[in-house]
1. Name the one entry in Thr323, Thr359 that is among the hydroxyl-bearing types (Ser, Thr, Tyr) and within 16 Å of Glu384 (Cβ to Cβ).
2. Does at least one position in the range 257-268 carry a residue that is assigned to a strand (DSSP E or B), free of Cβ contacts under 8 Å to residues at least 60 places away in the same chain and of a type in the set (Val, Ile, Thr)?
3. May I ask you to list the residues in the range 35-54 that are surrounded by 14 or more Cβ atoms within 10 Å (Cβ to Cβ) and not aliphatic (A, V, I, L, M)?
4. Restricting to the range 100-120, name every residue that is hydrophobic (A, V, I, L, M, F, W, C) and touching a residue at least 24 places away in the same chain (Cβ under 8 Å).
5. In this structure, is Val262 surrounded by 18 or more Cβ atoms within 10 Å (Cβ to Cβ), farther than 30 Å from Val12 by Cα and among the aliphatic types (A, V, I, L, M)?
6. Out of (1) under 30 Å from Val18 (Cα atoms); (2) not assigned by TED's automatic domain parsing to the domain that holds Ala141; (3) not aromatic (Phe, Trp, Tyr), what's the single condition that is false for Gly232?
7. Could you list, in sequence order, the residues of the range 109-125 that are surrounded by fewer than 17 Cβ atoms within 10 Å (Cβ to Cβ) and assigned to a helix (DSSP H, G or I)?
8. Which one of the conditions (1) in a strand (DSSP E or B); (2) surrounded by fewer than 23 Cβ atoms within 10 Å (Cβ to Cβ) does Ala57 fail to meet, given that it meets all the rest?
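The values are calculated or read from the model by the stated rules, or taken from the named source; none is laboratory data. Bear in mind that the values here come from a model prediction, so they are computed numbers and not experimental data. Note that each Cβ is placed from the backbone with ideal geometry, even for glycine, and that neighbours are counted across all protein chains shown.
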Amino acid sequence: MRHLHLDAIGGVAGDMVVASLLDVMPAHAEACLRAAEAVSGVACRLLRHRDEVLSGARFWVADPEPQAQNHTPWSDIRARLVEADLPEGARRHAIGIFAVLAVAEGRIHGIAPDEVAFHEVGAADSIADIVAAGWLIAALADADGDATCSVGALPLGGGRVRTAHGIMPVPAPATALLLEGFATIDDGVAGERVTPTGAAILRHLGANAAPPPGARKLLASGIGFGTKTLPGLSNVLRALVSERGKAPDPTFRDLAVIAFEVDDQTPEDLAIGLDHIRRVAGVVDVIQMPAFGKKGRLLAHIQVLAEPAALEAAVAACFAETTTIGLRTGLTSARALRREIATVAGVRVKRVERPGGATSKAESDDVAAMPGHAARQRARAAAERGGDE
C-alpha cells in the first residue's frame, strides 16, 4: 500500500495539497484540472514556480465572479458533486472532505451539518481545490486500495483573519476543531498557516495517525507552493510518496522490540514478572540473559518482542512488572519458517519446512509428565517419527 507523508513547511491549504500532489503525479494534471474546472466553473492551471530557495508547482485558480462568492449550502454542493462527471473515487473523497467541513462548521455554529452554508469554502476556488484534491487522492492509491497518510507537526500561526463571520483568531474556530489530535509547533511566523480546507483534507485522510511501521521505498517527492509570501520561509508543502515492498516470504512481519536491564530485582520476582509480560496480548516472546553493567555489576538484560499494535501495552507491563525505570523501543523485521502443529500419540509435534527438508520436534511439555528418561525418549522419538510421515 502506498503512503503519503506531508511536511507542512509553510503550512497546509487546499491549493498547496493539490500543487504538491501534481508535482508528484504530473501525468494526472490534464484530467485533474479539467474535472476541477467542470465542477467549479472557473479556469485552473498548473504552473511551475520557484522562490529564492526551492522550485515546485503552484495550483492556480482564476478569480471567481463576484456572484459566486455568495453563501453556498452544503446540500447544494453535495448535489453538484453527486451529479458531476467524476471518477467514483474522486467523487467519494471530494464529498468526504466537504462533509468533514460541514460537521466542523455545524459544531461551531450549533446547527446540523445539512444546515451549514459555506462562505469562503463555498466559493468556486475552494470547490476547485477540493475536487482536484479528491481526484489526486484517488489517483494516489495503488491496486491494493486507498493510500494511508501522515503529516509532520503543523505550524499554528497566529494573529487575526477576516472571514464572512467577521474577524476571527488564527487558527479559525473550525480549523482548530479539525486539527484536534494533530501535533503542532510555533515556528515564530504569524498568519493563517493552515486553512479550513487544508485542515479538512488532513482530517479526511486521517493524517494525524502514526506512519505505518516497517521499511518503505520512497517513490517520489513533490513541492507545492501557496500564494502567500512568508518572511524567511518558503511557503511550501512537501509530499513524500512511499510504498511498502512486497514481502518475498509470506511469513515476513514487523515486530516491536523493547529492551532494558534490571539489577535491583530478585531473580525469583523477576521471573514472575516476565511470565506476566509474556501473557500480555500481542507479546510474542520475552528473552532474559545475563550481562555486566557499570562497575562490573551483574544484571539481567531483557528483550521483549511484540506486535507493533501491542507496543504500548507491552511497555506498560514492563514498567509494572519489573523495577526498570527506563527502556528502549524500536521496530524490526522478522522472518519465520512456515510451520504446522500435529498431534501424534497424544504428543504435539511441530513440523517446520526448512530449505533442506522438513524437520519435526515433539513439544517438551507434552512428554515432561512421563516418568523416566527412557520413557520420555521413546515417546519423543515415536511422536517425531509420526510427525514426519
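1. Unique residue meeting the criteria: Thr359.
2. Looking only at the range 257-268, we keep the residues that are assigned to a strand (DSSP E or B), and these are 257-262.
Narrowing the set further to residues that are free of Cβ contacts under 8 Å to residues at least 60 places away in the same chain leaves none.
Checked the range 257-268: no residue is assigned to a strand (DSSP E or B), free of Cβ contacts under 8 Å to residues at least 60 places away in the same chain and of a type in the set (Val, Ile, Thr).
3. Across the range 35-54, the qualifying residues are Glu37, Ser40, Gly41, Cys44, His49, Asp51.
4. Looking only at the range 100-120, we keep the residues that are hydrophobic (A, V, I, L, M, F, W, C), and these are 100-104, 108, 111-112, 116-118.
Scanning the range 100-120 gives Val100, Leu101, Ala102, Ala104, Ile108, Val116, Ala117, Phe118.
5. Working: surrounded by 18 or more Cβ atoms within 10 Å (Cβ to Cβ): yes; farther than 30 Å from Val12 by Cα: yes; among the aliphatic types (A, V, I, L, M): yes.
Against the criterion (surrounded by 18 or more Cβ atoms within 10 Å (Cβ to Cβ), farther than 30 Å from Val12 by Cα and among the aliphatic types (A, V, I, L, M)), Val262 qualifies.
6. If we test Gly232 against (1) under 30 Å from Val18 (Cα atoms); (2) not assigned by TED's automatic domain parsing to the domain that holds Ala141; (3) not aromatic (Phe, Trp, Tyr), just (2) comes out false.
7. Passing the criteria: His109, Asp114, Glu115.
8. Every condition holds for Ala57 apart from (2).
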